[in-house]
Amino acid sequence: MSTRETILEVENLKTKFFTEEGVVRAVDGVSFDVRQGEIVGLVGESGAGKSVAVQSIMRLVEEPGAVVGGEVRFKDRLLFGLEDETAGGEGAERRERDEMLTDEEMRQDIRGREIAIIFQDPMESLNPVYTVGSQIEEFIELNRDVTGEEAREIAIETLRDVGIPEVEARYDDYPNQFSGGMRQRVLIAMALACEPSLIIADEPTTALDVTVEAQILDLVDDLQDRYDTSFVWVTHDMGVVAEVCDRVNVMYLGEVVEQATANDLFHETKHPYTRSLLDSLPRPDRTVEELDPIEGVMPEAINPPSGCRFHTRCPEAREVCAAVEPDARQSADGADDHRVACFIDDAFDVGYEESLPIESETGGGFEASLTSGEGESR
Amino acid sequence: MSSDRRTAPAGDREPDSGQTFLEVEGLSKYFSGNDGLFGPLTFEGEGLVPRPALDRQRVRAVDDVSFEIRQGETLGLVGESGCGKSTLARTVLKLLEPTDGAVYFKGRNLADTGGEELRRMRKDMQIIFQDPQSSLDPRMKVGPIIEEPMKAHGMLDDEDREARTRELLGKVGLDPQHYNRYPHQFSGGQRQRVNLARALSVNPDFIVCDEPTSALDASIQAQVLNTMNELQDEFGLTYLFISHDLSVIRYIADRVAVMYLGEIVELADKEELFENPEHPYTEALLSAIPAPDPRSTETRSLLEGDVPSPIDPPSGCRFRTRCPKLIAPPEYDLSDDEWDAIRDFTRAVDRRSPAIDAIEADEDRPPAELRRDLRGTFFGDASLRGETEDIVEEALDLVVEGDIEAADDLLQRSFVDSSICAREVPAYDVENEHGDVVHRANCHLHRDDA
């Protein structure tokens with residue numbers, strides 16, 4: 001896998017939202033790449049910045065948000081990139097590089113044609129007042145320079161490809177006449193119709209039942225074998241990650257904290273956040289006596305904690321973690337390409353060992369005792 | 001958490017538990033899609049004057065469901081969307097009037113109760129919903145939200161209610177100071193804790209939890225589940241815990257009931273159900289969950305197709321239309337491979353699957369070639385014998401001619417209708433491997449060892 005050509009390169013991507021309450025650093029220096037034929041996971045809890053990261057790649061971030069730094073390369077084209085920082089420093093407006101694709105080029109050449117995107121809720125991605133067939137047909141006409149009858153044929157063929165029964169009879173049905181799983185198949189068909197080299201799937205199976213999810217994962221597997229499409233797979237479900245991803249990026253509060261192959265991530269876990277995330281999962285395959293969840297909730301990205309952003313909830317946090325911010329580095333004793341942003345790793349030399357532990361800031365809240373049944377106050 | 005209660009063999013429970021607490025007997029809930037005075041009226045026939053007729057089309061959301069819950073236990077109810085879990089829960093609480101059957105709550109038949117008595121009993125049974133956002137009034141502060149049920153049941157005076165509310169906030173893992181905050185100031189997990197506090201405020205002993213953690217992130221879900229376990233121990237609560245997530249059920253439940261299309265197909269001790277599933281649907285559900293381990297090598301058995309409509313569910317076993325273990329009709333002498341091929345073909349035709357669909361649409365190739373390909377797809381080189389061969393050949397002819405309906409009809413009539421799965425409703429208790437509570441597995445595969 002590692003010898004294959006890299007098709008997407010995301011370098012130090014930064015996206016901010018300028019809200020009335022302040023600046024939200026939704027994506028803050030994210031780097032990862034995707035190689036030909038690979039499924040790369042972007043995993044994390046809600047608010048981690050997963051979806052904003054993929055929207056930034058597609059340049060779909062809307063006001064009040066904006067991509068403010070970093071570089072996105074797809075094959076040999078620059079999807080996003082700014083001029084080098086000028087002497088003006090932080091505040092100064094930076095100019096887009098000349099080679100960066102224009103909005104028109106993004107629309108014409110990239111979206112749909114080269115990179116397709118599948119969202120979580122198929123009902124929101126399909127227009128309820130047009131038939132399923134006409135929507136996919138239009139999409140094909142727009143992106144593949146074919147018209148009428150030919151587009152219809154491609155549409156029918158692709159719909160059949162993704163396992164929709166009675167395609168011709170159902171071609172003129174409306175989205176609400178399809179089940180959730182079938183609608184998601186329609187979206188996959190739409191994504192595939194233009195034979196893109198990369199599909200970005202944003203929680204595509206989250207709204208589905210397990211047996212339907214299994215069908216869709218199986219379908220993706222099958223389609224990937226046939227078309228060698230690459231995927232960026234955004235999910236919060238570690239089970240799905242284990243199932244489909246070749247490599248995984250774990251995000252926490254706008255940053256990638258760990259990056260590894262799926263196998264290493266689960267079995268050679270380096271970052272305490274990844275470990276806590278795995279420990280908080282109820283398991284389908286064995287009975288767990290007690291879950292060990294991460295304490296507290298993810299802080300707001302508007303005013304993230306200093307140093308390592310996870311230090312407020314981290315069971316391993318030391319004083320240095322609050323003072324210095326770790327970058328994601330090749331782990332000292334990990335496999336190649338296993339990157340981790342935690343001072344526990346020997347790749348860092350900031351005096352973690354000598355630093356004093358800090359208490360995590362969250363209280364359990366169970367210390368309160370109810371003295372009598374009918375509500376006496378403490 | 002008293003972990004000894006969870007690990008102790010079922011049946012060997014603490015003295016104060018183990019009694020039947022809630023008993024559900026043959027409960028059914030049908031909805032008619034055409035309520036109202038003229039709702040059931042439809043008009044048939046063409047002509048000038050259509051003939052009016054009574055349409056008795058009903059959605060059989062819950063159909064003849066029986067189970068019991070013992071004091072202090074958590075019964076997990078698992079199934080996919082649309083299987084009737086939530087309807088069952090609401091019918092159990094008499095939030096919906098049952099079509100048939102009875103619910104005994106602490107020995108009292110809820111059907112016989114009404115008015116003031118029912119209102120008083122409601123105090124003991126609470127429900128928590130999935131969406132913590134929409135179940136909280138955005139214009140009320142959480143304090144008064146939690147006090148509302150106490151007010152409704154005339155518990156305590158203003159001052160004591162507030163004191164109890166602040167205490168409950170602490171119990172569910174929130175800050176008592178949060179009394180004066182609005183729901184939008186809380187995260188999803190915290191809102192679900194507010195719901196928990198509200199449910200607990202009237203001191204119930206039974207809580208129906210309808211997907212309470214499904215909208216939450218993994219780490220938050222774990223926190224809320226742990227809190228629910230602690231509260232159960234502290235207040236001696238009995239839970240009916242509904243979820244589509246088998247991992248959550250495995251963590252929280254003592255016993256598990258699996259629902260499919262309005263019926264309970266399997267019911268067993270948790271360990272028994274997960275380690276020794278005896279219903280093909282349970283097996284399929286279990287194998288569909290992606291395990292959080294990339295080294296997991298278990299192959300998945302995929303279920304084909306969608307859940308049939310509860311308006312006109314399949315006869316006999318409702319899972320038979322998708323069951324990978326459908327039993328062959330006794331009149332044919334078929335090898336397993338032959339039966340697998342016939343079953344797959346029969347289903348493909350019934351579902352108008354893409355393979356069949358493509359044949360129908362292909363107008364360019366000669367029928368003989370299409371036919372050969374079709375046969376190859378489903379039967380390979382194998383030749384069938386006698387009567388089965390004739391039926392399959394005839395069905396292939398019909399498909400190639402484009403008369404899929406007739407082919408479907410022929411195949412169903414020949415290979416499905418006479419299967420025991422289509423003729424009889426299964427109901428069996430099977431041997432346990434773990435624990436000693438009754439293991440119900442409603443599948444005809446167990447007809448001999450029942």
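The values are calculated or read from the model by the stated rules, or taken from the named source; none is laboratory data. A quick note: this is a predicted structure, and the numbers were derived from the prediction, not measured. Every residue, glycine as well, gets a Cβ built from its backbone with ideal geometry; the counts of neighbours run over all protein chains shown.
Among the acidic types (D, E), closer than 30 Å to B:E431 by Cα, in contact (Cβ under 8 Å) with a residue 12 or more places away in the chain and within 11 Å of chain A (Cβ to nearest Cβ), is that true of B:D217? Judged against the criteria, B:D217 is not a match.
Kindly establish whether A:G365 is part of a loop (DSSP other than H, G, I, E, B) and either within 14 Å of another protein chain (Cβ to nearest Cβ) or modelled with pLDDT of 90 or more (or both). It is true that A:G365 is part of a loop (DSSP other than H, G, I, E, B) and either within 14 Å of another protein chain (Cβ to nearest Cβ) or modelled with pLDDT of 90 or more (or both). Of all the residues in the stretch B:155-168, those that are in a loop (DSSP other than H, G, I, E, B) and without any contact (Cβ under 8 Å) to a residue 24 or more places away in the chain number 2. From the list B:E272, B:E234, B:E278, B:E266, the lone residue that is buried (at least 22 other Cβ atoms within 10 Å of the Cβ) and in a helix (DSSP H, G or I) is B:E272. Of the residues making up the stretch A:198-216, one or more are more than 14 Å from chain B (Cβ to nearest Cβ) and either at positive phi or out of contact with any helix residue (DSSP H, G or I) (no Cβ under 9 Å at 6 or more places or on another chain) (or both). Among the residues making up the stretch A:277-292, those that are assigned to a helix (DSSP H, G or I) and either in contact with a strand residue (DSSP E or B) (Cβ under 8 Å, 6 or more places away or on another chain) or within 7 Å of chain B (Cβ to nearest Cβ) (or both) are A:L277, A:L278.
Identify all residues within the stretch B:67-100 that are among the small types (G, A, S) and either outside the structural domain of B:L240 (by TED's automatic domain parsing) or at pLDDT 95 or above (or both); write none if there are none. The one that is among the small types (G, A, S) and either outside the structural domain of B:L240 (by TED's automatic domain parsing) or at pLDDT 95 or above (or both): B:G76.
For the stretch A:217-233, which residues satisfy the criterion of being within 14 Å of chain B (Cβ to nearest Cβ) and either in a strand (DSSP E or B) or on the phi > 0 side of the Ramachandran plot (or both)? A:W233 - this is the single residue of the stretch A:217-233 that is within 14 Å of chain B (Cβ to nearest Cβ) and either in a strand (DSSP E or B) or on the phi > 0 side of the Ramachandran plot (or both).
Scanning the stretch A:230-265 for residues being among the small types (G, A, S) and either in contact with a Cys (Cβ under 6 Å, 6 or more places away or on another chain) or without any contact (Cβ under 8 Å) to a residue 24 or more places away in the chain (or both) gives a total of 1.
Can you spot a residue in the stretch B:123-133 that is at positive phi, more than 18 Å from the chain's Cα centre (by Cα) and crowded, with 18+ Cβ neighbours inside 10 Å?
Scanning the stretch B:123-133 turns up no residue that is at positive phi, more than 18 Å from the chain's Cα centre (by Cα) and crowded, with 18+ Cβ neighbours inside 10 Å.
Scanning the stretch B:384-407 for any residue that is in contact (Cβ under 8 Å) with a residue 24 or more places away in the chain, hydroxyl-bearing (S, T, Y) and more than 14 Å from chain A (Cβ to nearest Cβ) turns up at least one such residue.
In the stretch B:169-182, what residues are touching a residue at least 24 places away in the same chain (Cβ under 8 Å) and more than 8 Å from every other protein chain (Cβ to nearest Cβ)? Of everything in the stretch B:169-182, those that are touching a residue at least 24 places away in the same chain (Cβ under 8 Å) and more than 8 Å from every other protein chain (Cβ to nearest Cβ) turn out to be B:L169, B:H178, B:Y179, B:N180, B:R181, B:Y182.
Among all positions in the stretch A:248-258, there is at least one residue which is touching an Asp or Glu at 6+ places or on another chain (Cβ under 7 Å), more than 29 Å from B:L286 (Cα to Cα) and more than 8 Å from every other protein chain (Cβ to nearest Cβ). Scanning the stretch B:313-325 for residues that are surrounded by fewer than 21 Cβ atoms within 10 Å (Cβ to Cβ) and without any contact (Cβ under 8 Å) to a residue 60 or more places away in the chain yields a count of 1. If the condition is being among the hydrophobic types (A, V, I, L, M, F, W, C) and crowded, with 20+ Cβ neighbours inside 10 Å, then the stretch A:193-215 contributes A:A193, A:L198, A:I199, A:I200, A:A201, A:L208, A:V210, A:V212, A:A214. Pairing residues of the stretch B:326-348 that are crowded, with 17+ Cβ neighbours inside 10 Å with residues that are small (G, A, S), at Cβ distances under 6 Å and at least 6 apart in sequence or on separate chains, gives B:I327/B:S419; B:P329/B:S418; B:P329/B:S419; B:L334/B:A328; B:W339/B:A328; B:A348/B:A355. In summary, B:Q190 fulfils each of the numbered conditions (1) closer than 16 Å to B:I220 by Cα; (2) more than 8 Å from chain A (Cβ to nearest Cβ) with the single exception of condition (2).
Among the residues of the stretch B:74-88, write down those that are surrounded by 24 or more Cβ atoms within 10 Å (Cβ to Cβ) and in a loop (DSSP other than H, G, I, E, B). Passing the criteria: B:G79, B:C83, B:G84.
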